[in-house]
Every structure is written in C-alpha cells, then in structure tokens.
Amino acid sequence: MKFTETKLAGAYIIDLNRLEDDRGFFARTFCTQEFDDHNLISDVKQANTSWNDKAGTLRGMHYQVDPYQETKLVRCTRGALYDVIIDLRKDSPTYGEWIGVELTADNRTALFVPRDFAHGFVTLEDNTDAFYMVSQSYVPDSESGIRWDDPRFAIDWPVTPSVISEKDASWADYEG
C-alpha cells in the first residue's frame, strides 16, 4: 500500500500497490503491520457498508464523542463518492480544516480517518457502495454530527446534495 499523508496530520490517502499480470492484479487493501508502521490505529472492531441508490446522496458529517471516538478506513467499492473529513482535534494546528477526496471503484483509493474527525460523503454516481473498517463499535448515545453546509467550514461539495436523511439535515452548526 502507498500511504500519502494529507495536510491534516494523521489523515492518509491510501493507494494500492498492484501486482499485475495477464489475469488482472492483486493488492493488499489492509495490513496491520503497515498501519502500525505509520502509527495508525489498526484495530478493526466493525466493518460497515452503505449502498446509495442516487447520485447526490449525502451521509454525514458524523463522529463519535469521548470515550468512543473511532478511526475509519473508507473505500468506494462501486460507483463514486466525494469523501470529506474535518479535523475536530482542538489541540491540532489544522483544527477546523477539512479535506475532500474522490473515492471511486476505479481508483480503488481509500481514506484513513483519524479519531476526533467528522466524516461524511456525497455520492457522485447512482448505485454507489462505500465500505468502512472502523476501530470502535457504534455507540448510539455517543454519536454526534455537524450540518453538511455549516458555514464555519464552508465545505466545497462538488455537487449539491439532493438526498439527505432527516437526521443529517437536522445536525446543528458546530459549536466546538
């Protein structure tokens, strides 16, 4: 795997090292040792998938609060999505900053999301699947979120979301 650290310390774009031949290719998509070598949490407690019928579907911006913060490794396994993370670590030099990464079934890129980051995405194609490996089990009472269009962050979404759950539409502006 190729680990590229983003401008948000601890957040990585992870691309595959492909071993190609006339059959196609083989690549590792996760390796505890490689994650440990980059000081990334490699504990996986849960794996999730989300299927999204329509382009323009928004999921986010979600995070879990102390003591149930989680890391995520997010990959698009069908279709395309624009994945966004926001650094909510108050002691971080990039506190309040965000990045967006296009994850597609074709590029097979993954995004490692550190603890104390909000995470969400908007689908760019119909019939898009996202797959997440998560370091913490979901704890409903510890879930929180930020409205996708909170002016504090001014996220530049590539498309205006057209399908949003009631819960995601009702998150408040961030008060951190």
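Quick notes on this one:
- Count - residues of the range 139-151 that are surrounded by 13 or more Cβ atoms within 10 Å (Cβ to Cβ) and either hydroxyl-bearing (Ser, Thr, Tyr) or part of a loop (DSSP other than H, G, I, E, B) (or both): 7
- In the range 28-53, residue nearest to residue 114 (Cα to Cα) [restricted to those that are surrounded by 13 or more Cβ atoms within 10 Å (Cβ to Cβ) and small (Gly, Ala, Ser)]: 42
- Those residues of the range 1-16 which are in a strand (DSSP E or B) and more than 17 Å from residue 131 (Cα to Cα), in sequence order: 2, 3, 4, 5
- Residue among 129, 156 that alone is without any contact (Cβ under 8 Å) to a residue 60 or more places away in the chain and either acidic (Asp, Glu) or out of contact with any strand residue (DSSP E or B) (no Cβ under 6 Å at 6 or more places or on another chain) (or both): 156
- Candidates in the range 124-138 are the residues that are part of a strand (DSSP E or B) and more than 12 Å from the chain's Cα centre (by Cα); of these, the one that is surrounded by the most Cβ atoms within 10 Å (Cβ to Cβ) is 128.
- The conditions of being out of contact with any Pro (no Cβ under 7 Å at 6 or more places or on another chain), without any contact (Cβ under 8 Å) to a residue 40 or more places away in the chain and under 20 Å from residue 137 (Cβ atoms) are met by residue 32.
- A count restricted to the range 17-29 and to residues that are over 21 Å from residue 132 (Cα atoms) and either in a strand (DSSP E or B) or in contact with a Pro (Cβ under 7 Å, 6 or more places away or on another chain) (or both) stands at 5.
- The single condition from (1) surrounded by 14 or more Cβ atoms within 10 Å (Cβ to Cβ); (2) under 18 Å from the mean Cα position of the chain (by Cα); (3) not hydroxyl-bearing (Ser, Thr, Tyr) that residue 2 fails is (1).
Computed from the coordinates by the stated procedures, all read-outs in this text should not be read as laboratory data. Owing to the predicted nature of the structure, the values given are computational and were not obtained by experimental measurement. Cβ coordinates were reconstructed from backbone atoms using ideal geometry, including for glycine residues, and neighbour counts include every protein chain displayed.
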